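Let me begin by presenting the structure, written as C-alpha cells, before commenting on it.
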Amino acid sequence: MSNHTLLKQAAAALVLLGALPAAAGPATYAGGLCTSVSGFGTPSIYRSGRLVNTTGSTLEVVCPVQRNVTVTNLNEDVSVLVTVVDASLDDDVRCTATVTEADGTAILAGSGQTSGADTANAKSISINLAPALASFFGYITVRCELPKTYAGFNSVLASIYVSE
C-alpha cells in the first residue's frame, strides 16, 4: 500500500470516529438555577450562583439538570454531588436525585443529607444511582430541602455536580 492510500484511510477513520457519539461527561450547575417549590419564602440568589434560604421556614427547591448522554445503555451510572452549607443545628440539608423519562415517569432515585451544622465550611452530599436504561430525552431532577435560618445563619445550595 502506498503512503497516500494509508493517509486517506486514516483520514476516513478519523472522520468516522468524529461522527460517533461522545461519551457522557460531567457538568456543574449553580444552585441559583434551582426554583423554590415549597416553603413560605423566596430564596436569595447571589451573583456567585449560590441559592440561600434567608427565610424562617424550610425551603424545598427543584433543580432541573440536562442529561449528558448521546446514546443510552444499561451501564449508565449517575453520580450527583451537591455542595451546601448546613447552618442549622435542628435540621439537615436533604437532597434527592431522580432519573426521569421525558413523560415524567421516574425510573430511579437516591438521596442523601448532611450531618450536623457547620456555618463556616461547605459540605458535600453524594448521591450515587444504580445503572438504569433511560431515554436520552429524559432528565434528572435534584430536589433539596434547605433548613430555615438558624441563629442568624443561612443554609446555602452552592452547586450541583453531575457525572453520567
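The values are calculated or read from the model by the stated rules, or taken from the named source; none is laboratory data. Predicted, not measured: the structure shown is a model, and the values here were computed from it. When we count neighbours, we look across all protein chains shown, and the Cβ atoms used for this are built from the backbone with ideal geometry, even at glycine. Just so you know, the surface numbers come from the protein's heavy atoms only, side chains and all, with ligands and any DNA or RNA stripped out. Shrake-Rupley method; radii C 1.70, N 1.55, O 1.52, S 1.80 Å.
Scanning the range 84-111 for residues that are open to solvent by less than 40 Å² (accessible area, probe 1.4 Å), of a type outside the set (Val, Ile, Thr) and assigned to a strand (DSSP E or B) yields a count of 4. Checked across the range 136-149, the condition of being more than 19 Å from Ser48 (Cβ to Cβ), surrounded by fewer than 16 Cβ atoms within 10 Å (Cβ to Cβ) and small (Gly, Ala, Ser) holds for no residue. Scanning the range 112-129 for residues that are in a strand (DSSP E or B) and either under 11 Å from Val93 (Cα atoms) or out of contact with any Cys (no Cβ under 7 Å at 6 or more places or on another chain) (or both) returns Gly112, Gln113, Lys123, Ser124, Ile125, Ser126, Asn128, Leu129.
Which of the residues spanning the range 124-135 are open to solvent by 40 Å² or more (accessible area, probe 1.4 Å) and modelled with pLDDT of 80 or more?
Residues of the range 124-135 that are open to solvent by 40 Å² or more (accessible area, probe 1.4 Å), as a first pass: 124, 126, 128, 130-131, 133.
If the condition is that a residue be open to solvent by 40 Å² or more (accessible area, probe 1.4 Å) and modelled with pLDDT of 80 or more, then Ser124, Ser126, Asn128, Ala130 are the ones that fit.
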